[in-house]
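Here's the structure we're looking at; comments come further down.
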């Protein structure tokens, strides 16, 4: 069975190589790469925007005590994405 790791949007070949490296590193458990992949999904940077997938990667990095990911887990929950929070 084929496994799809990510959904790409139209990107330059060099960027595609970078995305692949981040995905492979994240899949191997590197917290910094997991957080970067979460950011890519959250902001739709090179991949299709997907909040659920972003949270999956943020949580994996946060579970390893990666502080940026711990912040990122709380970011959408605080209402920033939905506009529920007045900033």
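Would you tally the residues in region 43-67 being in contact with a helix residue (DSSP H, G or I) (Cβ under 9 Å, 6 or more places away or on another chain) and farther than 19 Å from residue 27 by Cβ?
From region 43-67, those in contact with a helix residue (DSSP H, G or I) (Cβ under 9 Å, 6 or more places away or on another chain) are 43, 45-66; that's our starting set.
From what's left, farther than 19 Å from residue 27 by Cβ: 43, 49, 51, 65.
Selection size over region 43-67: 4.
Is it true that some residue in region 2-21 is closer than 20 Å to residue 73 by Cα, outside any loop (DSSP other than H, G, I, E, B) and either out of contact with any strand residue (DSSP E or B) (no Cβ under 9 Å at 6 or more places or on another chain) or modelled with pLDDT under 90 (or both)? I'd like the intermediate steps shown before the answer.
First, pick out the residues of region 2-21 that are closer than 20 Å to residue 73 by Cα: 6.
Subset that is outside any loop (DSSP other than H, G, I, E, B): none.
The answer is no, given that none of the residues of region 2-21 is closer than 20 Å to residue 73 by Cα, outside any loop (DSSP other than H, G, I, E, B) and either out of contact with any strand residue (DSSP E or B) (no Cβ under 9 Å at 6 or more places or on another chain) or modelled with pLDDT under 90 (or both).
Residues being more than 19 Å from residue 67 (Cβ to Cβ) and either under 8 Å from the mean Cα position of the chain (by Cα) or not in a loop (DSSP other than H, G, I, E, B) (or both): count how many of those fall in region 23-39. Before you say what the answer is, go through the steps one by one.
Of all residues in region 23-39, those more than 19 Å from residue 67 (Cβ to Cβ) come to 23-24, 27-28.
From the residues that got through so far, the ones that are either under 8 Å from the mean Cα position of the chain (by Cα) or not in a loop (DSSP other than H, G, I, E, B) (or both) too are 23-24, 27.
So the count comes out to 3.
Given the residues 27, 86, 63, 51, which is the only one that is out of contact with any strand residue (DSSP E or B) (no Cβ under 7 Å at 6 or more places or on another chain) and modelled with pLDDT under 70?
On the way: 27 fails: modelled with pLDDT under 70; 63 fails: modelled with pLDDT under 70; 51 fails: modelled with pLDDT under 70.
None of the other options fit; the residue is 86.
The values are calculated or read from the model by the stated rules, or taken from the named source; none is laboratory data. Keep in mind it's a predicted model, so treat the numbers as computed, not measured. So basically every Cβ, Gly included, is an ideal-geometry build from the backbone, and we count neighbours across all protein chains shown.
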